[in-house]
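Asker: What follows is a single structure, and I will ask about it in a moment.
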Amino acid sequence: MTFEYVSGDGSVRRISTGIMGLDALLYGGIPQRNQVMLAGDAGTGKTLMSFEMLYRNANVNIPSCYITLEESRGSLIENIRGAYTYFTDLDDLIQNNVINIHEEQAINAFSSREAFQAFVAGLNKAIKSNNSQIVVLDSITTLRPIAEDDRVFTRSVNTLIENFRNLGVTSIITMETQSDIMDESIGLFGTFMFDGIIKLTSEQVKGNTQYNVSVIKMRRSNHRRASPPYEITSKGFTVFNP
Ligand SMILES: Nc1ncnc2c1ncn2[C@@H]1O[C@H](COP(=O)(O)OP(=O)(O)OP(=O)(O)O)[C@@H](O)[C@H]1O
Ligand SMILES: [Mg+2]
């Protein structure tokens with residue numbers, strides 16, 4: 001699913017997200033080796049969307065690593081299995097380590113410099129174990145309350161991003177936000193650190209929850225400036241008419 005796409009900004013190798021409407025917003029996919037924040041309100045689908053990207057790529061033999069800081073490995077697999085009943089290759093892909101689901105304990109990551117290095121080393125070991133090309137880190141929101149303050153948090157996120165960059169992987173890093181204070185909450189963490197930002201929002205419209213997705217920025221690429229609605233079904237994400 002990696003292919004050359006020639007646009008105004010030159011030829012960029014892209015990783016398809018495997019979600020058609022999202023690829024359309026991205027003019028084909030995420031430029032390879034970009035470090036992308038997937039920001040969204042609670043329950044908007046950050047976990048399911050990021051997992052689907054890995055699943056679609058695993059189906060074309062692109063190995064990946066899903067690092068869960070939030071949920072246990074078992075609980076994550078249960079959730080994915082429950083939500084995506086049509087993902088029939090799921091168990092095989094996990095068993096064969098095409099998708100390496102790795103649970104990392106972050107609770108002591110900030111107790112010392114060595115502890116943080118050990119935390120990063122744990123991630124790297126998991127990423128290298130199957131030669132991952134795509135990495136999901138779900139979520140950095142988990143790190144905020146255990147970091148001393150915003151500066152320590154921001155610095156640690158930056159270290160993680162630079163580490164992924166050095167490994168040469170494309171990464172999706174999820175972060176929980178609240179749409180009403182979204183700009184401030186993203187601003188806190190220095191969006192310049194990320195090559196791209198994809199945002200999921202939820203909104204009450206006539207008593208129903210409506211979900212929308214937009215690409216805020218994507219380095220080394222053009223992208224569409226639309227916020228199409230999406231839905232999540234047992235077959236995955238559908239992004240409508242981008
Ligand atoms: N088993 C399921 N069956 C049907 N819908 C599900 C299932 N699991 C999740 N969903 C739907 O998908 C939505 C998104 O779930 P997901 O866990 O990906 O969101 P999230 O943004 O990661 O949330 P959080 O902020 O809790 O991390 C849920 O709010 C729910 O409506
Ligand atoms: Mg989640």
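The values are calculated or read from the model by the stated rules, or taken from the named source; none is laboratory data. Values in this document were obtained by computation on a predicted structure and should not be read as measured data. Cβ placement follows ideal geometry from the backbone for every residue including glycine, while neighbour counts extend to all protein chains displayed.
Asker: Conditions: (1) within 15 Å of ligand 1 (Cβ to nearest atom); (2) assigned to a helix (DSSP H, G or I). Gly21 meets all but one. Number of the miss?
Answerer: Status for Gly21: all satisfied but (1).
Asker: Condition (residue is of a type in the set (Lys, Arg), touching a Leu at 6+ places or on another chain (Cβ under 9 Å) and farther than 20 Å from Ile30 by Cα) applied to the stretch 78-85: is it met by at least one residue?
Answerer: Yes, that holds for at least one residue.
Asker: Within the set of pairs 6+ apart or on separate chains, which have a first residue in the stretch 42-55 that is in a loop (DSSP other than H, G, I, E, B), a second that is within 8 Å of ligand 2 (Cβ to nearest atom), and C-beta atoms under 8 Å apart?
Answerer: Between residues of the stretch 42-55 that are in a loop (DSSP other than H, G, I, E, B) and residues that are within 8 Å of ligand 2 (Cβ to nearest atom), the close pairs are Ala42/Glu176.
Asker: For the stretch 72-85, which positions are within 25 Å of Gly122 (Cβ to Cβ), within 14 Å of ligand 1 (Cβ to nearest atom) and in contact (Cβ under 8 Å) with a residue 24 or more places away in the chain?
Answerer: Hits for the stretch 72-85 are Ser72, Leu76, Ile77, Asn79, Ile80.
Asker: Output yes when any residue across the stretch 64-71 is more than 18 Å from Ser234 (Cα to Cα), under 18 Å from the mean Cα position of the chain (by Cα), more than 16 Å from ligand 1 (Cβ to nearest atom) and touching a residue at least 12 places away in the same chain (Cβ under 8 Å), and no when none is.
Answerer: Yes, the stretch 64-71 contains a residue that is more than 18 Å from Ser234 (Cα to Cα), under 18 Å from the mean Cα position of the chain (by Cα), more than 16 Å from ligand 1 (Cβ to nearest atom) and touching a residue at least 12 places away in the same chain (Cβ under 8 Å).
Asker: Can you name the residue in the stretch 56-80 that is part of a loop (DSSP other than H, G, I, E, B) and closer than 20 Å to Ile107 by Cβ and, of all such residues, is farthest from ligand 2 (Cβ to nearest atom)?
Answerer: Among them, the one singled out is Ser72.
Asker: Collect the residues in the stretch 203-242 that are among the aliphatic types (A, V, I, L, M) and closer than 11 Å to Leu22 by Cα, keeping them in residue-number order.
Answerer: Those that are among the aliphatic types (A, V, I, L, M) and closer than 11 Å to Leu22 by Cα: Val213, Val215, Ala226, Val239.
Asker: Name the helices (runs of 4 or more DSSP H) wholly inside the stretch 92-191 in which the number of residues that are modelled with pLDDT of 90 or more and more than 14 Å from the chain's Cα centre (by Cα) is 1 or more.
Answerer: 113-129, 150-167
Asker: Return the total of residues in the stretch 86-128 being in contact (Cβ under 8 Å) with a residue 60 or more places away in the chain and touching a Cys at 6+ places or on another chain (Cβ under 8 Å).
Answerer: So the answer is 2.
Asker: Hey, could you check the stretch 24-55 for residues that are charged (D, E, K, R) and within 16 Å of ligand 1 (Cβ to nearest atom) and say which is nearest to the chain's Cα centre (by Cα)?
Answerer: Across the stretch 24-55, the extreme among qualifying residues is Lys46.
Asker: In addition: Within the stretch 81-90, count every residue that is away from ligand 2 (no atom under 15 Å from the Cβ) and either closer than 20 Å to Thr141 by Cα or among the aromatic types (Phe, Trp, Tyr) (or both).
Answerer: Counting residues in the stretch 81-90 that are away from ligand 2 (no atom under 15 Å from the Cβ) and either closer than 20 Å to Thr141 by Cα or among the aromatic types (Phe, Trp, Tyr) (or both) gives 2.
Asker: Say whether the condition of being surrounded by 20 or more Cβ atoms within 10 Å (Cβ to Cβ), within 24 Å of Pro31 (Cβ to Cβ) and polar (S, T, N, Q) is met by at least one residue in the stretch 96-111.
Answerer: Yes, the stretch 96-111 has at least one match.
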